[in-house]
Amino acid sequence: MSISYDNKRKDITFCTMLFKMPQQDNLAAIKKANRKFEEFYLPSLKNLIETFKKVAIWCDMETADYIKRNKLDKYVDMHVIKFSNLPHYKERDEWLKILDGMHGKRGFFFHHKTPQDWIDYLLVIMAKPWVMEWAANNNKFKTKYFMWLDAGSFNPYYEDFWQNWDGSIKAKPERVRITIAKTLGKTRPHFIPNFIYKLYRKTVKIPLATKESLVKQNLQDIAMINADYDVPACSIMGTADNIHRFYNDFERTRKIMKKHGYVSTEQAVFQMMMKLDVDDLFELSYIHGYTGVYAAIADKSYDIDL
C-alpha cells in the first residue's frame, strides 16, 4: 500500500498509539478485517510513519522495537509505556462495574459485546486526548498543528479510503477540527446510545440543533452538532493551545458522565463535549459516512442535504 503525502506541509505532527492488546483475539473478533497486532497493525503503522515522517506515538516495547528494527525511529517521538500504565487503567474495574450495569446501553459499536471483551480496547481509545496533549507539550518537531490518525488506518484493508486523496492537507483550523459522519434527517443510528441524549438534558440546558438552525450556519466550520443524528468520527486536528483545552475538557466531560453512571467510548465523550462547549471549542468538518473518514484529513467537506 502506497500513499503520497505532500511533505511541503511541515507544520503538522501526526499523533497515534499502538499496543499489543492483552485480549488480542477478542479485539480481532469485534473489529473487522481480523485486526491482529503483527499482521494488521504493525505494517499499517510502518506505512503511516513512512508517509508522514513526523509522528508522535505512545506504544509498548514490542511496537518500539519494531519501529527501531525498521529504522523509523528518526521520524518518531516515542513514549514507551506498559499497557497497565495507560492513564485510565486504574479505573478499569470501576468501568467494568458501571458497564455491566448499563446492559444494552453500552455505547458505540460494542453494545452487542460484553464489557469484558473490549474493556482493554476502551482504555486505549480513551487515551487519545492524552497522547495529543503529550505530543503538544513535547513538540519534538516544532509544529503548529497536531492531528490524530488511527494506527490501523494505513492497512491495505482501508486503501479505498485514500484512493482519491491528492496528498495535500489544506485544513488550518483555528479551533479543534473534528470530523463528523452525517446521518442528518435519517432514523437515529443504532450506534448512538440513547442514554447520551438523556445525559445532555441532565447536565446542560442547550437545545438540540434542528435543520432550521443548521441551515443558517456555515456547515464547513460550525461548532453546533445535531446530536440526535451526527456522529463524531476519528480525525482530530488542532493547534497546541487548542489541544491543551481539548484534553482538559475531555477529562472534565468524561468525569461528568462517570458521575452520572455512564461509561462509553471517546466518541460519546466528544458528543457530550460538543453540547457543553457549543460554538467555542470545535470546528466541524462533515464527511460522507465512515467510508470517507480518512479522506477528511484532505479537508474535504460536503454539503448536507437539508
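Taking the average, over residues, of other Cβ atoms within 10 Å as the packing measure, peptides 114-126, 251-263, 41-53 rank 41-53, 114-126, 251-263 from highest down.
Taken one residue at a time, the phi angles of segment 247-252 give Karplus couplings (6.51, -1.76, 1.60, θ = phi - 60°) of 4, 5, 5, 4, 5, 4 Hz. Gly and Pro are set to x.
Legend: ranking of residues Glu133, Glu174 from fewest to most surrounding C-beta atoms inside 10 Å; resulting order Glu174, Glu133.
Going down the list Lys68/Lys255; Lys36/Lys258; Lys90/Lys144; Lys54/Lys172; Lys140/Lys255, which pairs span over 26 Å between their C-alpha atoms? Violating the 26 Å limit, Cα to Cα: Lys68/Lys255; Lys36/Lys258; Lys90/Lys144; Lys140/Lys255.
Every number in this text was worked out from the coordinates using simple rules, so none of it is lab data. Note that this is a predicted model, so its numbers are computed, not measured. Neighbour counts are summed over all protein chains in view; Cβ atoms, including those assigned to glycine, are modelled from backbone coordinates with ideal geometry.
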